[in-house]
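Asks: Please see the structure below; I have some questions.
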Amino acid sequence: MKEFFKKHVFSLACFLLAVVLILLAIFYPEEKKEEEKAQKKVVRVWNVDTFEGGKGSRTSFLKSAARRVEKKLDGVYYLVSSFTPEGARQAFCEGNFPDVLSFGIGLDVFLEKSVALPYSFAGGEVGKDCFAYPWCRGGYALFSLKDDFEREGKTVISSGGNNLALLSAAMSEIEGEELPSLTAYTKFLNGEYEYLLGTQRDLCRFRSRGVEVYSRPLKAYSDLYQYFSVLNPAVLPEGRALLESILSEPERLEEIGMFPAFSETEFAPLPEKTPLVFSSREALAEIRSQLMRGEENFHEKFLKTI
């Protein structure tokens with residue numbers, strides 16, 4: 001009887017040990033993964049589009065770039081989110097800021113949170129420090145369906161965000177009627193206007209429809225820069241790693257119909273002037289009003305030489 005009892009107790013113990021080992025094999029890796037994930041350094045990145053891009057999503061582009069950087073930085077995870085300008089301003093007012101911000105002109109309520117960056121670019125400098133650095137850009141151009149920019153005809157100016165297309169027109173000595181972006185594009189194609197003063201967004205529209213169009217780049221002025229700022233000093237190295245990875249692969253910007261921030265293309269030569277990206281909404285609104293009134297030379301103090 002004792003031998004029988006010992007034999008079965010031993011068998012039961014072996015069975016329980018096997019069960020425990022199986023359970024550990026199943027659940028421990030998951031627990032380990034969760035623990036490793038919790039130990040990662042999470043960098044919150046917000047993308048805010050304040051002007052029309054070319055095609056696709058700048059947020060998705062940043063997500064893809066972030067995944068590539070994560071493979072090089074052990075223990076770092078970038079959480080990339082998309083915000084509207086209104087949503088971002090509301091979050092800022094509530095004291096909620098990201099670690100890193102991708103943004104364009106017209107988002108002006110976070111300068112005091114920005115960290116000085118070891119770069120130099122006129123549009124992102126306040127005093128002697130650079131608080132915003134561009135990672136891509138668009139460009140203004142005059143479009144025509146005919147290879148003749150000397151003929152007379154009406155011009156429509158495309159308006160699609162916080163950018164001041166009217167200022168590009170004024171500094172290029174072009175007069176025209178400003179209309180919402182899609183309306184301007186449609187009326188131009190319908191023949192209601194001989195010329196369209198538009199951006200890279202229109203260029204992508206023409207290409208997607210297979211429309212043959214001629215363009216004359218306008219380089220006097222551009223505010224079509226997408227900037228990069230770090231708002232949390234603790235993630236400055238990780239923020240710079242993401243920015244510099246994007247800048248090191250300018251050819252990838254074709255995916256979103258944008259151009260390298262610091263090299264020229266046939267469509268987008270480097271502009272001569274740009275505004276301070278931190279210009280307030282009130283300042284932009286006043287400039288727009290002055291442009292609508294036809295005032296001249298008021299904008300020089302607003303501009304920076306690139």
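Asks: Report, ordered by the first and then the second residue, all pairs with beta carbons closer than 6 Å, sequence separation of six or more or different chains, a first member in the stretch 212-238 that is over 18 Å from residue 201 (Cβ atoms), and a second member that is open to solvent by less than 20 Å² (accessible area, probe 1.4 Å) and among the aromatic types (Phe, Trp, Tyr).
Replies: 227/103; 228/135
Asks: Ok, one more. Would you mind stating whether residue 93 is more than 30 Å from residue 215 (Cβ to Cβ) and surrounded by fewer than 17 Cβ atoms within 10 Å (Cβ to Cβ)?
Replies: Working: more than 30 Å from residue 215 (Cβ to Cβ): yes; surrounded by fewer than 17 Cβ atoms within 10 Å (Cβ to Cβ): yes.
Considered against the rule, which asks whether it is more than 30 Å from residue 215 (Cβ to Cβ) and surrounded by fewer than 17 Cβ atoms within 10 Å (Cβ to Cβ), residue 93 comes out as yes.
Asks: Answer yes or no: is there a residue in the stretch 138-147 that is surrounded by 14 or more Cβ atoms within 10 Å (Cβ to Cβ), within 30 Å of residue 190 (Cα to Cα), touching a residue at least 12 places away in the same chain (Cβ under 8 Å) and hydroxyl-bearing (Ser, Thr, Tyr).
Replies: Within the stretch 138-147, the subset surrounded by 14 or more Cβ atoms within 10 Å (Cβ to Cβ) is 138-145.
This time we only want the ones that are within 30 Å of residue 190 (Cα to Cα), so: 138-145.
So of that shortlist, the ones also touching a residue at least 12 places away in the same chain (Cβ under 8 Å) come out as 138-145.
From what is left, the residues that are hydroxyl-bearing (Ser, Thr, Tyr) are 140, 144.
Yes, the stretch 138-147 contains a residue that is surrounded by 14 or more Cβ atoms within 10 Å (Cβ to Cβ), within 30 Å of residue 190 (Cα to Cα), touching a residue at least 12 places away in the same chain (Cβ under 8 Å) and hydroxyl-bearing (Ser, Thr, Tyr).
Asks: Can residue 193 be described as of a type in the set (Phe, Trp, Tyr), part of a strand (DSSP E or B) and in contact with a strand residue (DSSP E or B) (Cβ under 7 Å, 6 or more places away or on another chain)?
Replies: Numbers: of a type in the set (Phe, Trp, Tyr): yes; part of a strand (DSSP E or B): no; in contact with a strand residue (DSSP E or B) (Cβ under 7 Å, 6 or more places away or on another chain): yes.
No.
Asks: Mind counting the residues in the stretch 65-86 that are open to solvent by 30 Å² or more (accessible area, probe 1.4 Å) and touching a residue at least 24 places away in the same chain (Cβ under 8 Å)? If you could, list the steps in order and put the result at the bottom.
Replies: First, the residues of the stretch 65-86 that are open to solvent by 30 Å² or more (accessible area, probe 1.4 Å): 67-68, 70-74, 77, 79, 81-84, 86.
From what is left, the residues that are touching a residue at least 24 places away in the same chain (Cβ under 8 Å) are 68, 72-73, 77, 79, 81-84.
Qualifying residue count, the stretch 65-86: 9.
Asks: If we scan the stretch 250-257, do we find a residue that is under 17 Å from the mean Cα position of the chain (by Cα), closer than 27 Å to residue 60 by Cα, open to solvent by 30 Å² or more (accessible area, probe 1.4 Å) and of a type in the set (Gly, Ala, Ser)? Break it down into steps so the answer makes sense when it comes.
Replies: First, the residues of the stretch 250-257 that are under 17 Å from the mean Cα position of the chain (by Cα): 250-257.
When the remaining residues are screened for being closer than 27 Å to residue 60 by Cα, the result is 250-257.
Checking the rest, the ones that are also open to solvent by 30 Å² or more (accessible area, probe 1.4 Å) come to 250-252, 254-255.
Narrowing the set further to residues that are of a type in the set (Gly, Ala, Ser) leaves none.
The answer is no, given that none of the residues of the stretch 250-257 is under 17 Å from the mean Cα position of the chain (by Cα), closer than 27 Å to residue 60 by Cα, open to solvent by 30 Å² or more (accessible area, probe 1.4 Å) and of a type in the set (Gly, Ala, Ser).
Asks: Quick one: would you say residue 237 is more than 21 Å from residue 143 (Cβ to Cβ), out of contact with any His (no Cβ under 9 Å at 6 or more places or on another chain) and surrounded by fewer than 17 Cβ atoms within 10 Å (Cβ to Cβ)? Explain how you work it out, then say what you get.
Replies: Numbers: more than 21 Å from residue 143 (Cβ to Cβ): yes; out of contact with any His (no Cβ under 9 Å at 6 or more places or on another chain): yes; surrounded by fewer than 17 Cβ atoms within 10 Å (Cβ to Cβ): yes.
Here the answer is yes, as residue 237 does meet what is asked.
Asks: Looking at this structure, is residue 284 of a type outside the set (D, E, K, R) and either over 19 Å from the mean Cα position of the chain (by Cα) or more than 25 Å from residue 216 (Cβ to Cβ) (or both)?
Replies: Considered against the rule, which asks whether it is of a type outside the set (D, E, K, R) and either over 19 Å from the mean Cα position of the chain (by Cα) or more than 25 Å from residue 216 (Cβ to Cβ) (or both), residue 284 comes out as yes.
Asks: Still on this model: Could you check the stretch 263-303 and list, in sequence order, the residues that are open to solvent by 70 Å² or more (accessible area, probe 1.4 Å) and under 20 Å from residue 50 (Cα atoms)? Give the derivation first.
Replies: Of the residues in the stretch 263-303, the ones open to solvent by 70 Å² or more (accessible area, probe 1.4 Å) are 264, 266, 272, 281-282, 286, 292-293, 295-297, 300-301.
Result: 281, 282, 286.
Asks: Give 123, 153, 161 a once-over and let me know the one that is in contact with a Lys or Arg (Cβ under 7 Å, 6 or more places away or on another chain), open to solvent by less than 50 Å² (accessible area, probe 1.4 Å) and either under 30 Å from residue 240 (Cβ atoms) or not in a strand (DSSP E or B) (or both).
Replies: Details: 153 fails: in contact with a Lys or Arg (Cβ under 7 Å, 6 or more places away or on another chain); 161 fails: in contact with a Lys or Arg (Cβ under 7 Å, 6 or more places away or on another chain).
Selected residue: 123, the only one of 123, 153, 161 that is in contact with a Lys or Arg (Cβ under 7 Å, 6 or more places away or on another chain), open to solvent by less than 50 Å² (accessible area, probe 1.4 Å) and either under 30 Å from residue 240 (Cβ atoms) or not in a strand (DSSP E or B) (or both).
Asks: Filter the stretch 251-306 for residues that are in contact with a Lys or Arg (Cβ under 8 Å, 6 or more places away or on another chain) and either of a type in the set (Lys, Arg) or part of a helix (DSSP H, G or I) (or both); which is nearest to residue 65 (Cα to Cα)? I'd like the intermediate steps shown before the answer.
Replies: Filtering the stretch 251-306 down to residues in contact with a Lys or Arg (Cβ under 8 Å, 6 or more places away or on another chain) leaves 256-261, 268-276, 303-306.
Filter once more, so that each one left must be either of a type in the set (Lys, Arg) or part of a helix (DSSP H, G or I) (or both): 256, 273, 304.
Values: 256: 13, 273: 29, 304: 30 Å.
Across the stretch 251-306, the extreme among qualifying residues is 256.
The values are calculated or read from the model by the stated rules, or taken from the named source; none is laboratory data. Bear in mind that the values here come from a model prediction, so they are computed numbers and not experimental data. No Cβ is skipped: glycine too gets one built from the backbone with ideal geometry, and neighbour counts run over all protein chains shown. In case anyone asks, the SASA skips ligands and DNA or RNA and just uses the protein heavy atoms, side chains included. Shrake-Rupley method; radii C 1.70, N 1.55, O 1.52, S 1.80 Å.
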